[in-house]
Amino acid sequence: MRYFYSPIFLVVLAVVVCFIIRLMLFKTGLIYTTKKLYGTAQDWFHVYQFLKVPELNDSMQRNQLYRKVSLYLHSLPSIEESDFTNLVTGKTQNDIVLCLDPNQTIQDHFLGAKLFWFNQKTEPNRTGSLVLKIRKADKRRILRPYLRHINAVADEIENHGGRDLRLFINDAAAAADSVGGTRWRSVPFNHPSTFETIAMEEDLKNKIKSDLESFLRGKQYYRRLGRVWKRSFLLYGPSGTGKSSFVAAMANFLSYDVYDVDLSKVRCDSDLKFLLLETTEKSIVVVEDLDRFLAEQSESKAVTASGIQNFMDGIISSCCGEERVMVFTMNSKECVDPNLLRPGRVDVHIHFPMCDFSAFKTLASSYLGVKEHKLFPRVEEIFRNGASLSPAEIGELMIANRNSPSRAIKSVIGALQTDGDGRGCAEMIGRQIEDDDVDETHSGVLCGAEGFSTVKDFRKLYGFFRLRNARRSRSSISFEHDR
């Protein structure tokens, strides 16, 4: 008896008992095995039906129900408890979400019924299906309410920013063999641009946001008018003025996917129609540099101007264009057939000019965190005298000098006077900067990461850029003449 109550025996006994309890509770232990056998026995006495939700429908369009079911399943608590669960990044690198694995089966409960979902992948065309396993005895009673429940939960997730946006690009290789797959390839859309970060007049920005909000709420209004629920925008202006960033801001504002159409990879007008057929609702369809494509168009071009017009407002666009925004970008619309841009094809025209002082202040606030600065009056005076740069050029200067707002603003001043067509105000600015202390340790105008110690050096650089601009202007005039 003394042996049985010894401390060593009690410790060993406790360890053995803990090991047996852990073994019973572990998934490969007795409880897990019993549950699996019980579930198998239940299956013997029930007749199940399998309902498939394919990623693509018969016409090779993306199945909206597949997207909603996927959102719903990824929100279920049971996905965390299943055997095969993938961890993937969401909208940001720090956003980790659970993803259904092809070998994974998860349970759901609805109105007292038990349902099973699993992911079925088909390798040849890289598409898949979500399969619902449901008892035949429960199907008639719960299937319709269950699908309405899935739709409501998915819409709630999307409305609260839970949807991961994607960027789709048309693939020439996929278009050549699109019988079993899709013409689009996609990547996560993580562009950080918002309406708060783009440089645009505040009134215009608010009008655009109001227009988009009205569009989001306009389904019944468009139906009552007998019109397709879509909106089309033309963004035109020089390169670097923020058209692409504006499209990204629209996508983030609407929570819409982006379909970027590369016309050079489209084989013919019919293929362009099929591309539109395979886009989904809640998406922005973008065609960039449309004026350049039309100007370079020749007999060798596969897509015609007529095909583009039908893409914009033809019967295909009317039949499958619900809840879509179409965006076309151009450098200039002067040489484009006005019939291409008539109302109905393009609803809203937005001009993106070169940067002015108001846009400069927005950029300074976004890039440098500066709302007011002692050098702002100088910058305003330069803009008033006709100097200009694109927002992209000014933004790059600010990024390069982001550790010193003063140096960044001075670099913008220098660039405006050398590369901004200052119309003769370089002498005035040079004298101003020569008289003032332009930095704690340097004098002169800083451009990029380097400074000019004297106004003489600055004027030499100004002469170089003026010569470069003259050459650029001659080549631009030549291009217009050739067109």
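The values are calculated or read from the model by the stated rules, or taken from the named source; none is laboratory data. Just so it is clear, the structure is predicted and the values come from calculations on it, not from any experiment. In this analysis, Cβ positions are derived from the backbone assuming ideal geometry, glycine residues included, and neighbour counts consider all displayed protein chains. Quick note on the areas: whole protein, heavy atoms, side chains included, nothing else; ligands and nucleic acids left out. Shrake-Rupley method; radii C 1.70, N 1.55, O 1.52, S 1.80 Å.
For segment 248-255, the Karplus equation 6.51 cos²θ - 1.76 cosθ + 1.60, evaluated at θ = phi - 60°, returns couplings of 5, 5, 4, 4, 5, 5, 8, 6 Hz by residue, with Gly and Pro reported as x. Given a 1.4 Å probe and the protein chains as shown, Leu272 ends up with an accessible area of around 0 Å². Ligands, DNA and RNA aside, Asp291 has an accessible area near 20 Å² when probed at 1.4 Å. Around Tyr221, with a cut-off of 15 angstrom between Cβ atoms, what is the net charge of the other residues, counting Lys and Arg +1 and Asp and Glu -1? Overall, the nearby charge balance is +2.
Would segment 204-314 count as rounded, prolate or oblate if I go by the C-alpha gyration tensor, calling it rounded below 1.5 in a/c and otherwise prolate when a/b exceeds b/c, oblate otherwise? Because a/c hits 1.5 or more and a/b fails to exceed b/c, segment 204-314 counts as oblate.
Solvent-accessible area of Glu213, all protein chains in place: 80 Å² (probe radius 1.4 Å, heavy atoms, ligands and nucleic acids excluded). Give me the extension gain from Tyr221 to Glu202: residue separation times 0.36 nm, minus the current Cα-Cα distance, reported in nm with one decimal. Full extension from Tyr221 to Glu202 adds 4.1 nm. The separation of segment 350-369 from segment 184-251, counted between C-alpha centres, amounts to 19 Å. Let's test the formula: R0 of 41 Å, r as the Cβ-Cβ distance of Ala152 and Cys268. What FRET efficiency results, to the nearest 0.05? Between Ala152 and Cys268 the formula returns 0.50. Look at the alpha carbon pairs under 8 Å that are at least 6 residues apart: their mean separation over the length of segment 303-401 gives a relative contact order of 27 percent. Each Lys and Arg adds +1 at its Cβ and each Asp and Glu adds -1 at its Cβ; summed about the Cα centre, segment 288-412 shows a dipole of about 740 debye. Full extension of the chain segment joining Tyr48 with Ser366 gains 108.7 nm, where the gain is 0.36 nm per residue of separation less the Cα-Cα distance. Given the pairs Lys209/Lys333; Lys68/Lys282; Lys371/Lys410; Lys207/Lys333, which are separated by over 20 angstrom at their Cα positions? Where the Cα-Cα span goes over 20 Å, the pairs concerned are Lys209/Lys333; Lys207/Lys333. In sequence order, segment 215-232 has phi-based couplings of 5, 4, 8, x, 4, 5, 5, 5, 4, 5, 7, x, 10, 6, 7, 8, 9, 10 Hz under the Karplus curve 6.51 cos²θ - 1.76 cosθ + 1.60, θ = phi - 60°, and Gly or Pro positions carry x.
With the Cα gyration tensor of segment 249-302 giving a ≥ b ≥ c as the square roots of its eigenvalues, does the rule (a/c under 1.5 for rounded; else a/b larger than b/c for prolate; else oblate) give rounded, prolate or oblate? Oblate shape, in that a/c is at least 1.5 and b/c is the bigger or equal ratio.
Using 0.36 nm per residue and subtracting the Cα-Cα separation, the extra length available between Val15 and Phe195 on full extension is 58.6 nm. The listed residues Glu396, Glu281 rank as Glu396, Glu281 when sorted by accessible area, largest first, using a 1.4 Å probe.
Remark: spin-label model distance Ala302-Lys136 equals 4.9 nm, labels positioned 7 Å along the Cα→Cβ axis. For the residues Asp108, Asp211, a 1.4 Å probe over the protein chains yields an accessible-area ranking, largest first, of Asp211, Asp108.
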